[in-house]
1. Which of the residues that make up segment 39-51 are free of Cβ contacts under 8 Å to residues at least 12 places away in the same chain and in a helix (DSSP H, G or I)?
2. Ala75 passes all but one of (1) outside any helix (DSSP H, G or I); (2) touching a helix residue (DSSP H, G or I) at 6+ places or on another chain (Cβ under 8 Å); which number fails?
3. Take Gly47 and decide whether it is at positive phi, surrounded by fewer than 11 Cβ atoms within 10 Å (Cβ to Cβ) and not β-branched (Val, Ile, Thr).
4. Restricted to segment 1-38, and to residues that are touching a residue at least 60 places away in the same chain (Cβ under 8 Å) and over 21 Å from the mean Cα position of the chain (by Cα), which residue is surrounded by the most Cβ atoms within 10 Å (Cβ to Cβ)?
Amino acid sequence: MLAHTASIRGFASAHSELAASLSAAAARLASVPAPGATTTFGPVAAGFLAALAAAVEDAGRDVAALGGHVTAAGATAGAAALQYEAAERRSSVRLQVPGV
């Protein structure tokens, strides 16, 4: 059995960073359109701003969900690295391989 667990842990770490970025993006989307935009643009823009708010809300939910999936993938990769290392230790004990 051969697994480059440092690379797997790097993959997990990268997913953690990506998930944090996605969470930040979802939070930024929650502020669109800016409060008071209807006042600024007047009643003519009200319909457009309502549609924009609905679309951005949907996008924010999608980005947040993606962040959750990325977090789960990172956690799975981290757990896999630990399990590979544990399996390697058990195998070395069974085979009496020193230094593993």
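No value in this document is a laboratory result; all are computed from the given coordinates. All figures in this text were calculated on a predicted structure; none of them were measured in a lab. Cβ sites come from the backbone with ideal geometry, for glycine too, and all protein chains shown count toward neighbours.
1. Result: Thr39, Thr40, Phe41, Pro43, Val44, Ala45, Ala46, Gly47, Phe48, Ala50, Ala51.
2. If we test Ala75 against (1) outside any helix (DSSP H, G or I); (2) touching a helix residue (DSSP H, G or I) at 6+ places or on another chain (Cβ under 8 Å), just (1) comes out false.
3. Working: at positive phi: no; surrounded by fewer than 11 Cβ atoms within 10 Å (Cβ to Cβ): yes; not β-branched (Val, Ile, Thr): yes.
In short, no.
4. My answer is Ala3.
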